[in-house]
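Notes for the one structure printed next.
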Ligand code: GDP
Ligand code: MG
């Protein structure tokens with residue numbers, strides 16, 4: 001028998017995905033998403049567990065067929081027929097399985113599967129199903145070229161003022177409302193921008209803005225920033241800043257860009273270059289427009305109904321409220337009351353705020369959200385998963401701990417055997 005995807009199996013067995021994931025957690029089977037595949041042994045084990053559960057629950061739907069044959073004995077019937085001699089045999093639980101597999105596979109191929117699924121593993125054919133999401137942008141460049149000033153200008157002009165009139169704290173990200181839609185900016189100082197563009201191997205940012213001062217041109221950290229953007233394979237846009245200065249030399253910057261293989265469009269290349277001034281605001285509207293155009297070409301999508309995943313952007317300990325972490329929602333939706341797993345700890349979300357400090361109940365893809373409820377400050381760049389209850393959260397943590405230990409042990413063994421090989 002070939003491998004079967006988790007969501008397909010869930011459908012076949014008439015249980016929800018979450019239920020199957022809980023069983024997989026309890027079996028210690030690792031998975032990436034509901035579109036991960038399971039081998040036959042695992043499928044049998046799952047069916048065994050479900051059979052045992054339905055034996056304990058008289059009203060289980062799998063009993064309905066048998067029950068209808070003996071309507072008067074509905075209470076006795078389940079116990080009788082759901083205690084087969086070999087409860088782990090796959091034919092016992094779900095007769096329709098074998099012939100329903102092809103049809104669900106066909107459904108999957110035709111894009112009828114909901115949820116997050118397609119984001120991680122499924123073929124691109126399913127993409128049209130998944131809604132667009134706002135682009136996440138990071139700003140990098142040489143020191144003093146105007147990164148902070150540019151972000152401040154955009155924040156001042158494009159972020160709706162907080163209703164309560166409170167002070168907007170620095171939370172490492174903000175959302176700008178533009179005529180072309182929402183754009184999310186990651187606002188982390190200096191080198192942290194490099195980690196957030198590529199946290200734990202996965203991109204947080206979709207687009208990198210490389211800021212180059214028009215009076216200074218390309219400097220060592222400009223090259224470094226370009227290299228990081230290229231390594232992360234995100235499209236980059238060059239913002240030539242400080243064009244208000246009398247000594248600004250935009251043409252020189254463009255020529256210098258060519259020498260690092262970023263040929264501006266007007267020179268026949270494909271690098272988007274936008275002259276701006278963070279001081280006067282000139283060109284900033286154009287920059288936002290180019291960001292939106294680039295995002296459109298990237299066709300960024302994420303399913304708000306899919307499995308939640310996010311990345312820690314920043315965290316700090318607030319004397320009054322405790323640990324406050326900014327998490328970028330990458331897919332799925334996070335809700336007050338959910339359990340979040342990060343690193344090897346978990347916490348229950350007590351409150352959520354948007355990046356402007358307004359209380360919210362839930363947040364979907366491409367939303368930087370402030371989370372209150374972690375017991376210790378998570379590390380920026382850490383991946384965040386969610387769980388609907390404490391049990392699942394604890395299981396997820398223990399899977400992470402086990403995985404780490406296994407990796408460490410394997411590393412230790414390798415080291416020992418290497419030492420042996422080297423001899424005394
Ligand atoms: P960062 O180190 O890249 O974050 O640079 P900053 O935003 O801190 O800016 C460095 C200096 O350049 C500050 O004194 C800013 O006021 C100034 N600056 C930034 N952008 C502009 C601009 O567009 N025009 C002018 N004239 N000065 C700017
Ligand atoms: Mg700065």
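List of remarks:
- Packing-based exposure ordering (other Cβ within 10 Å, fewest first) of 290, 267: 267, 290
- Short-range pairs are left out: with C-alpha atoms under 8 Å and at least six residues apart, the relative contact order of the range 315-424 is 29 percent.
- Highest average packing first - 245-251, 362-368, Cβ atoms within 10 Å: 362-368, 245-251
- Rounded, prolate or oblate (a/c below 1.5 giving rounded, otherwise prolate when a/b exceeds b/c) for the range 385-424 by Cα gyration tensor: prolate
- Segment residue 410..residue 26, full-extension length gain: 135.9 nm, with 0.36 nm per residue of separation and the alpha-carbon distance subtracted.
- Burial ranking of peptide ranges 133-141, 22-30 (average Cβ count within 10 Å, highest at the top): 133-141, 22-30
- Tensor-based shape of the range 308-370 (alpha-carbon gyration tensor, a/c under 1.5 rounded, otherwise prolate or oblate): rounded
- The length gained on full extension between residue 305 and residue 170, counted as 0.36 nm times the residue separation minus their Cα-Cα distance, comes to 45.7 nm.
- For residue 317 and residue 422, the FRET efficiency from 1/(1 + (r/R0)^6), where r spans their Cβ atoms and R0 equals 56 Å, is about 0.75.
- Residues of the range 136-151 with an amide N closer than 20 Å to a point placed 7 Å from the Cα of residue 202 along the Cα-to-Cβ direction: 136-138.
- Order of 354, 270, 338 under a 10 Å beta carbon neighbour criterion, fewest first: 270, 354, 338
- Summary value for the range 192-319: 22 percent relative contact order, contacts being C-alpha pairs under 8 angstrom separated by 6+ residues.
- Ranked packing of 39-45, 374-380, 237-243, most packed first, by mean Cβ within 10 Å: 237-243, 374-380, 39-45
- Ranked 414, 301, 400, criterion: other C-beta atoms within 10 Å, fewest first: 414, 301, 400
Computed from the coordinates by the stated procedures, all read-outs in this text should not be read as laboratory data. Predicted, not measured: the structure shown is a model, and the values here were computed from it. Cβ atoms come from the backbone with ideal geometry, glycine included; neighbour counts cover every protein chain shown.
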